[in-house]
There are 2 protein chains.
Amino acid sequence: MQKLIECVPNFSEGRRVAVIQKIASAARRVRGAKVLDVEWDRSHNRSLITIVGAPEPVFKAVYEAIKTATSLIDMNKHKGEHPRIGATDVVPFVPVSGASIKECVVLSNKLGRKVARDLKIPVYLYEASAIKADRVNLADVRKGEYEGLKNEIETNPHRKPDYGPSKLHPTAGAVVIGARKYLVAFNVNLDTHDIAVAKKIASRIREKNGGLVGVKALGFKVGGYAQISMNLVDYQKTNFDTAFRAIEKEAKKFKVGIKSSEIYGMIPLSSLVKAVATTFKAKDFGEEQVLEKRLYE
Amino acid sequence: MQKLIECVPNFSEGRRVAVIQKIASAARRVRGAKVLDVEWDRSHNRSLITIVGAPEPVFKAVYEAIKTATSLIDMNKHKGEHPRIGATDVVPFVPVSGASIKECVVLSNKLGRKVARDLKIPVYLYEASAIKADRVNLADVRKGEYEGLKNEIETNPHRKPDYGPSKLHPTAGAVVIGARKYLVAFNVNLDTHDIAVAKKIASRIREKNGGLVGVKALGFKVGGYAQISMNLVDYQKTNFDTAFRAIEKEAKKFKVGIKSSEIYGMIPLSSLVKAVATTFKAKDFGEEQVLEKRLYE
């Protein structure tokens, strides 16, 4: 099976559309990498590019995008609401199909070394790639932002980057690179207006309270109905069908049914296949049986 | 959404592998059409090529394959167990995604006219493309086979082809072209050794007996367990999840559970997406949310 990964580099440019397009074009020129999406936000002054493909082309496309962003964005002139430390601010590698999180960790290290060596940008490793415990969370790495890090990186040994110089790049700042699992956003709407029920169920199923592995859940009121809004941060362990059944079971205790559910945004084929295999006890069912999957082999 | 169709032309050659490869290569050379599979059987002396892509490239690839088969296969020398009337024996067009059966009917007619005009082969339209009621079933069209049709096509007005001459092509014979829906093969294994239960459930759910639309079902014993083996000939109306739930309900009446199920062969992404949307009440969930789907747009 072809290995498929996703990378979603975030850039500190959300206003000059020509600059964003140049960065995206640099990625598009790499054969075998597909730019699925380019988004930007004026008030955050920030953009993100979704690149999908086999590991090597995605690596090349991301590097080309970073190189272009380095030449076109000056952090000394950048203002925006969103926290950031560099022209290329954060670069997550995500396994989609046939690839492991470990392979994405290896790739993030390879990119980190190359960015440090060829572009002279200090690199911090975060999430699954983090070497230091206090660099797992992005917010911790970005503390003080570009302006604060400028001095700290040179004077505070705790802020020394994982790769590259202990000095910000004069215009591009620093970059955070790492690997994380694919996040599935899944909401379940209950057949009740009582938000308290949603909050109670959310509290019971979330991992933090001893519920389902990799499930973050909150209760909301949406369109008049109680909703359990979830991030499934490890769908290989807890997929949306498992979350659905757990909520269904808990809701029954309140004599409440499920009105509808919502898979939000994009989902890897493997999550769908896994949900079908589990729900219908079709344990041998695999991605390679999906006709469309075989079209780009 | 990109339109995707499948075409599986059957050729009367299952022994000379070089010939089969030349036919497949002719299809492969057409840009935008993907040859997913080439299969052949020596005793049937027959091969089939699975071509998938947008309607126009698939049309071209199938035509090139037929043209090549016409030049390389001589029906006067063909012997095989499987019924056949021509070098290219039967050509079904199947909608996979974003395309309707009507579009496949239009395409089959376009191919029929071109094959009749440019290759001088008589063409019969079958299945959804059939103009005459007694040509819907393939077996009826192939009655008498190549040898019998040779005389009949010239003398019996009921055997007059839908396109082309009322005379077999001297080496390539005739061809059957048409459109049919995608067939999903789905088996459900019961948690019992009693084949009678499988037979009873199969009889209750099959369309013929007033059961589920588009469901053909038989009871078997497989690996010691009772199995309901199904062909879902219209998964847009009755998908595998609906069949599963119907069987589950019927089995309960016999105090029998479901042991496992099996999706056999390839399945279109739309069938998976539909099953997930129905089962988890996620009515807005669509194919375009599947990451892999967007890779070949």
Residue by residue through segment A:13-25, what is 3J(HN,Hα) from phi via Karplus (6.51 cos²θ - 1.76 cosθ + 1.60, θ = phi - 60°)? Round to whole Hz and write x for glycine and proline. 8, x, 10, 7, 4, 4, 5, 4, 5, 5, 5, 5, 4
For residue B:178, other-chain or 5+-apart residues with amide H closer than 5 Å (H placed, Pro excluded) are B:91, B:93, B:126
Hey, any idea what Rg/Rh is for segment A:184-296, computing Rh the Kirkwood way over Cα pairs? 1.02
Between beta-carbons, use under 13 Å as the cut-off and find the net charge around residue A:129, counting Lys and Arg +1, Asp and Glu -1. +4
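Are there any trypsin sites (Lys or Arg not before Pro) in segment A:164-231 that are in a DSSP loop and have at most 15 other Cβ atoms within 10 Å? List them by number. Mind dumping the intermediate values first?
Numbers: sites: A:167, A:180, A:181, A:199, A:200, A:204, A:206, A:208, A:216, A:221; in loops: A:167, A:180, A:181, A:206.
Passing both the DSSP loop test and the Cβ count: A:167.
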Sorting from shortest, the nanometre distances separating the label point of residue B:32 (7 Å past Cα along the line to Cβ) from those of the same residue in the other copies are 2.6
So, with +1 on the Cβ of K and R and -1 on the Cβ of D and E, and no other charges, what is the size of the charge dipole of the protein assembly as shown about its Cα centre, to the nearest 20 debye? 200
Helix-only [θ] at 222 nm, chain B, -39500 (n - 2.57) per DSSP H run of 4+, per residue, nearest 500, equals -10500 deg cm²/dmol
Rounded to the nearest 5, the percent of DSSP beta bridges in the protein assembly as shown running antiparallel is 80
Search the structure for amide H atoms under 5 Å from the amide H of residue B:36, placed 1.01 Å from N in the peptide plane, and list their residues when 5 or more places away or on another chain. B:50, B:51, B:52
Taking the Cα centre of segment A:4-179 as origin, work out the dipole magnitude from +1 charges on Lys and Arg Cβ and -1 charges on Asp and Glu Cβ, in debye rounded to 20. 500
Quick one: net charge of residue B:225's neighbours, Cβ under 12 Å, K/R +1, D/E -1? -1
Which of the peptides B:145-157, A:271-283 is most tightly packed, and how do the rest follow, going by the mean number of other Cβ atoms within 10 Å of each residue? A:271-283, B:145-157
Dipole of the protein assembly as shown (Lys/Arg Cβ +1, Asp/Glu Cβ -1, origin at the Cα centre): which of B:195, B:151, A:188 lies farthest to the positive side? B:195
To the nearest µm²/s, what D does Stokes-Einstein give for the protein assembly as shown at 20 °C and 1.002 mPa s, using the Kirkwood radius over alpha carbon pairs as Rh? 78
Local charge sum around residue A:257 (other residues, Cβ-Cβ under 15 Å, Lys/Arg +1, Asp/Glu -1)? +3
Cα-based Debye curve of chain B sampled at q = 0.07, 0.11, 0.16 Å⁻¹ gives log₁₀ I(q)/I(0) of -0.31, -0.74, -1.23
In debye, nearest 20: dipole of segment A:99-163 around its Cα centre with unit charges on the Cβ of K, R (+) and D, E (-)? 260
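Computed over the Cα atoms, what is the radius of gyration of segment B:4-179 divided by 2.2 N^0.38 Å, N being its residue count?
0.94
No value in this document is a laboratory result; all are computed from the given coordinates. Since the structure is predicted, the reported quantities are computational estimates derived from the model, not experimental observations. When we count neighbours, we look across all protein chains shown, and the Cβ atoms used for this are built from the backbone with ideal geometry, even at glycine.
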